[in-house]
Amino acid sequence: MTTTTTTTTATLRDTSRLLAVADNGGGPDLDTHLQVHGPAPQLTRAAERDAVSDALSRCGLTGRGGAGFATARKVDLLARQRHRPLLLVNAMEGEPASAKDRVLLERSPHLVLDGAQVAASLVRASRIVLCVPAEHGGAAHAAHVALAERARRHLDPVRMELAAPPARYAAGEESALADWVAGGSGLPTFRPDKGQPMTVRRSPVLVQNAETLAHVALVARHGDGWFRSVGLPEAAGTTLVTVAGAVERPGVMEVELGTPVGRILDWAGLPGPPGGVLLGGYGGAWIDGSDLDVPFAPAALRQRGAAVGAGVIGVLSAGACGVAETARLVAYLADESAGQCGPCMFGLPAVAEDLDRLAVGAADPALLERLRRRLEVIPGRGACGLPDGAVRLAQSALRVFGSDVANHARRRPCPGWAHGPTFPTPGVRRMSLWTTGTRR
Amino acid sequence: MDHGHETVSELQLRVDPVACDAFGYCAELLPELVTLDEWGYPIVSDRAVPPALLELARRAVAECPRRALSLEVRQRAVKPKRVRLASSRR
């Protein structure tokens, strides 16, 4: 996970909220944070907690970790539990192309911690565990320093600690994270009823993404009207995105929800029409490189089989091959499978091999039909969403790179297949070079 | 539940994918509701277990060597339209 990413400080927008400190050149320290954002509200009285809880329901904030679940509903469910919950701040950011949670923690750790304290007050959490993998050294360091600053000033009512779970792709999946915090090996667990909270030693667990909590900190300060003043009516506020791949200034940006994808890419320096755009993350979906007017918001993306996901916007250059890139990404996801569920453990390597053969022009006549059938049967049958995400990506590739796929299937791969990887796929072996005639 | 909607309880088969080790007994006992994928793992129908198959479904659950199969109760909202139809038929 060695994405080299910088923050693109685009000052042409007035939607700098989470990155307000960073965009004004401020440091990550507590004094700067308090100067820019003001003190966090103290939620000692029930009426104050109710007011923030109501604001959270009305603002429409959804989780920024990938699943996009309504934050207020999750908080309400946990607030109704008999035992006091444990709050896990999820800054695992396992998506190799994503850097937004890391950048947020490096630039504005106190906003995340304020939000964690607010959420903890709302659900009466006994303890907060901030989960940052040790591999994300800058973020882990910033979190450590920020926690020490706050402890020195006795700022927080709820105890906070820093934990460093392993940096695997699925380690940040909420049941995997809860399992690790409970002393397990950090693998996703099967939860037949996702409407029931997970528990760690009898404590119900609330898992919230780091960016989501930073939004919570601002909603608690400024209210839902303020939050809704930017973005779309049905998807309000700003969101952090990581622009990756073939742009001049890859990095993390804060944008209004509903901003056209093309405008975001212009800010990041799009050199020319892309060959395709990867949205959400590796378990996301491709959209056509000419479809850049699409608003970056859940409803519009859903129509294209894509999602906001973890906020990745990845640009494939026109000269690269979408089929080969997809083959590498699916191979990565297959490698990251925890190997617990059959359809994922066997299905993803099979899909990855099909895509690999397709990419290099070694497809057998039955390949496309076989691949499509495999993509049909895998989804919905794993403990976590990893296999479903890999299938979503592969299906979107067949759709978006359709004519290219047809040529590849006729063993006429596009020249782009030899183009190097656009997105990091740590651990994935070099694409196999099937010599002609390996398969009849 | 939604206003004016009624719910019915029905039974549905569910596989714990982590526990399942592809023994395949379920598909052998209950091909009407369970098929196997090419790797031998069960694909369980999401339709309710019909009364005629309930006994077999219970056996499939009991005989899974990994205890990965279960019968779960689910609530299904019945649309008012259907309720009206049923009552008018009486």
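The values are calculated or read from the model by the stated rules, or taken from the named source; none is laboratory data. Since the model is a prediction, treat every value here as computed from it, not as a measurement. Every residue, glycine as well, gets a Cβ built from its backbone with ideal geometry; the counts of neighbours run over all protein chains shown.
Got at least one residue in the stretch A:423-432 being touching a helix residue (DSSP H, G or I) at 6+ places or on another chain (Cβ under 9 Å) and part of a helix (DSSP H, G or I)?
Within the stretch A:423-432 (the criterion being touching a helix residue (DSSP H, G or I) at 6+ places or on another chain (Cβ under 9 Å) and part of a helix (DSSP H, G or I)), the answer is no, since none of the residues qualifies.
Just give me the residues in the stretch B:28-54 being away from chain A (no Cβ under 13 Å) and either under 11 Å from the mean Cα position of the chain (by Cα) or surrounded by 14 or more Cβ atoms within 10 Å (Cβ to Cβ) (or both), in sequence order.
Scanning the stretch B:28-54 gives B:Leu29, B:Leu30, B:Glu32, B:Leu33, B:Arg47, B:Ala48, B:Val49, B:Pro50, B:Pro51, B:Leu53, B:Leu54.
List pairs: first residue in the stretch B:50-78 and over 26 Å from A:Lys194 (Cβ atoms), second residue among the hydroxyl-bearing types (Ser, Thr, Tyr) and not in a strand (DSSP E or B) anywhere in the structure, Cβ distance under 8 angstrom, at least six positions apart or on different chains.
B:Glu63/B:Tyr25; B:Pro65/B:Tyr25
Any residue in the stretch A:263-279 that's on the phi > 0 side of the Ramachandran plot: show its pairings with residues that are basic (Lys, Arg) at Cβ separation under 6 Å, as long as the two are six or more apart or on different chains.
Listed pairs, sorted by first residue: A:Gly269/A:Arg249.
I'd like to know if the stretch A:119-128 contains one or more residues that are farther than 28 Å from A:Arg202 by Cα, aliphatic (A, V, I, L, M) and in a helix (DSSP H, G or I).
The answer is no, given that none of the residues of the stretch A:119-128 is farther than 28 Å from A:Arg202 by Cα, aliphatic (A, V, I, L, M) and in a helix (DSSP H, G or I).
Which ranges mark the strands (runs of 3 or more DSSP E) fully within chain B that have 1 or more residues being modelled with pLDDT under 95 and of a type in the set (Gly, Ala, Ser)?
It comes to B:6-15, B:69-78.
Could you please give the count of residues in the stretch A:405-415 that are surrounded by 20 or more Cβ atoms within 10 Å (Cβ to Cβ) and assigned to a helix (DSSP H, G or I)? So that I can check it myself, show each step before the final result.
Filtering the stretch A:405-415 for residues surrounded by 20 or more Cβ atoms within 10 Å (Cβ to Cβ) gives A:405, A:408-409, A:413-414.
Retained after the next criterion (residues that are assigned to a helix (DSSP H, G or I)): A:405, A:408-409.
Residues meeting the conditions: 3.
Mind telling me which of the residues A:Ala338, A:Ala334 ends up being within 14 Å of chain B (Cβ to nearest Cβ), of a type outside the set (Asp, Glu), in a loop (DSSP other than H, G, I, E, B) and crowded, with 19+ Cβ neighbours inside 10 Å?
Values: A:Ala334 fails: in a loop (DSSP other than H, G, I, E, B).
Testing whether each residue is within 14 Å of chain B (Cβ to nearest Cβ), of a type outside the set (Asp, Glu), in a loop (DSSP other than H, G, I, E, B) and crowded, with 19+ Cβ neighbours inside 10 Å leaves just A:Ala338.
Of all residues being within 22 Å of the chain's Cα centre (by Cα) and among the basic types (Lys, Arg) in the stretch A:184-216, which is nearest to B:Pro17 (Cα to Cα)? Just the residue, please.
The residue in question is A:Arg191.
Mind listing just one residue for me: the one in the stretch A:341-381 that is in a loop (DSSP other than H, G, I, E, B) and under 23 Å from the mean Cα position of the chain (by Cα) and, of those, farthest from the other protein chains (Cβ to nearest Cβ)?
Here the residue is A:Pro379.
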